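Data block below; observations after.
The values are calculated or read from the model by the stated rules, or taken from the named source; none is laboratory data. Every value quoted in this text rests on a predicted model; they were computed, and no experiment measured them. Using ideal geometry, Cβ is built from the backbone for each residue, glycine included, and neighbour counts are taken over all protein chains shown. Accessible surface is based on the protein model in full, side chains and every heavy atom, while ligands, DNA and RNA are left aside. Shrake-Rupley method; radii C 1.70, N 1.55, O 1.52, S 1.80 Å.
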Amino acid sequence: MASNVKKILSGKSKFHELLQAQVGNEFSASQQYIALAVWFDNEDLPRLASHFYKQALEERNHAMMIVQFLMDNDIAITIPGVETPINEFKSPRDLVSLALTQEQQVTDQIVALAKAAREEGDYIGEQFLQWFLKEQVEEVSSMKTLLTIMDRADGNMFYVETFLTRESVGDEGADSGAPSAAGGAL
C-alpha cells in the first residue's frame with residue numbers, strides 16, 4: 001500500500017497519466033463529433049446534425065468531468081491539444097460507422113483506466129470511473145442502433161431523420177449521478 005501512495009504523491013501513477021491522456025481523447029472525440037455534425041448540417045439533415053452537435057457537447061463535458069476530478073484530487077492537469085478530425089466522407093453511413101468505432105475505442109480507454117485504478121489500489125479513481133463505464137454501454141448501444149437504422153433506411157436519409165425525430169437515441173437526459181464538470185456542464 002505504501003508504494004501506491006508514493007506513486008500517487010510523486011505523480012508517477014499510471015492511472016493519473018491515463019486520465020490526463022483521456023482528457024485529450026474526450027476533447028478529440030468532441031471535435032470529431034463537431035465535424036460529423038457540420039457534415040450532416042451541410043447536407044441539410046438537421047436531426048442528424050443536432051444529434052452529433054449534442055454528442056460533441058457530451059464528450060466535452062466528459063473531458064471537463066475528468067478535469068474536475070483531477071483538480072478535486074490535487075493532481076496537476078495540463079489541457080492537451082486535439083487530433084485533427086476526419087472531415088471527408090463518402091456516405092452518411094460512414095459517419096455513423098466512425099462514431100460507433102470511436103465509442104468502442106473510448107470504451108476500451110475507460111476500461112483501461114478502471115483496470116489501472118484497480119491495479120494501483122486507487123479506489124476513489126475506480127469509483128469515479130463507474131459512471132463512465134455505464135455511460136459507455138449507453139453510447140455504444142445508441143450508435144449501434146443508429147447504424148442499424150442507417151442500414152435499414154438503405155440510403156434514404158429521410159427515414160433516418162424521421163426516426164431521430166420520433167425516438168430519443170442516446171438522449172436519456174441529465175444523469176443525477178454524473179460527476180461534476182469543471183466550469184459546469186453545457
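In region 101-128, what count of residues is obtained for those that are of a type in the set (A, V, I, L, M) and open to solvent by 20 Å² or more (accessible area, probe 1.4 Å)? Qualifying residue count, region 101-128: 3. Quick check on region 77-86. Is at least one of its residues in contact with a Phe, Trp or Tyr (Cβ under 6 Å, 6 or more places away or on another chain), surrounded by 22 or more Cβ atoms within 10 Å (Cβ to Cβ) and more than 16 Å from LEU113 (Cβ to Cβ)? No, region 77-86 has no match at all.
Yes/no per residue for (1) at positive phi; (2) in contact (Cβ under 8 Å) with a residue 24 or more places away in the chain; (3) surrounded by 16 or more Cβ atoms within 10 Å (Cβ to Cβ):
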{"position": "ASN42", "(1), (2), (3)": "no, no, no"}
{"position": "ALA63", "(1), (2), (3)": "no, yes, yes"}
{"position": "ASP74", "(1), (2), (3)": "yes, no, no"}
{"position": "LYS90", "(1), (2), (3)": "no, no, no"}
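No other residue among ASP74, ASP41, ASP108, ASP94 is assigned to a loop (DSSP other than H, G, I, E, B) and among the charged types (D, E, K, R) apart from ASP74. Could you tell me whether any residue of region 129-146 is open to solvent by 80 Å² or more (accessible area, probe 1.4 Å), more than 30 Å from GLU17 (Cβ to Cβ) and either modelled with pLDDT under 95 or under 19 Å from the mean Cα position of the chain (by Cα) (or both)? Scanning region 129-146, I find at least one residue that is open to solvent by 80 Å² or more (accessible area, probe 1.4 Å), more than 30 Å from GLU17 (Cβ to Cβ) and either modelled with pLDDT under 95 or under 19 Å from the mean Cα position of the chain (by Cα) (or both), so the answer is yes.
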